[in-house]
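Data first, discussion second: the structure below is written as structure tokens.
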Amino acid sequence: MPDEMQERAGVPVLVCDPAGPPVATEQDALDLIGAAFLGAQVVAVPASRFDERFFSLGTRFAGDVMQKFVNYRMRLAVVGDISTQLAQSSALRALVHESNRGGHVWFVPDLDALDERLRAAS
């Protein structure tokens, strides 16, 4: 399935293909934001598409990517199981916890959980 616009819980979401290109650079993140400017309010990216550096906070890659989404007022949902990465990093656990309390970047296990977050946010 290619990346596609979907209405989820009444919100336009760019749902990204799990088999799509990796998000390995800030430019890759900007490309997703650009694609979402066709009408999406949220970009749902499978966790598997993120370069492993995203989950290693010492690289600062996650912060740089997340800041791009905030700067362009586009919400990011990282969708998928990241339990292995969470088990390895208390800093990542703290980041996920704080992000999920806010409204710009969410880490959710699946699209159904994203739908619940979107309904709760509206």
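What follows is calculated from the coordinates using simple rules that are stated; it is not laboratory data. What you are looking at is a predicted structure, and each value in this text was computed from that prediction instead of being measured.
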Fill in: Options [x] 20, 16, 13; [y] 27, 15, 14; [z] 34, 18, 12 - which one matches semi-axes √(5λ) of the Cα gyration tensor in Å as calculated here
[x]
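Relative contact order of the stretch 1-83: what whole-number percent is it, with Cα pairs under 8 angstrom and at least 6 residues apart?
So the answer I get is 29 percent.
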Worksheet item: Using alpha carbon centroids, what distance separates the stretch 85-122 and the stretch 1-53, in Å?
Response: 16 Å
Discussion item. If I build a Gaussian network model for the chain, linking alpha-carbon pairs within less than 10 angstrom, which residue out of PRO109, PRO12, PRO21 has the largest mean-square fluctuation?
Written reply: PRO21
Worksheet item: Expressed in nm to one decimal, what extension gain is obtained for the pair GLN88 and LEU30 from 0.36 nm per residue of sequence separation less their Cα-Cα distance?
Response: 18.1 nm
Worksheet, complete the sentence: Rounded to the nearest 5, the percent of antiparallel DSSP beta bridges in the chain equals 30 percent
Item to complete: Before rounding to the nearest 500, sum -39500 (n - 2.57) across all DSSP H runs of length at least 4 in the chain and divide by the residue total; then give [θ] at 222 nm in deg cm²/dmol.
Response: -12500 deg cm²/dmol
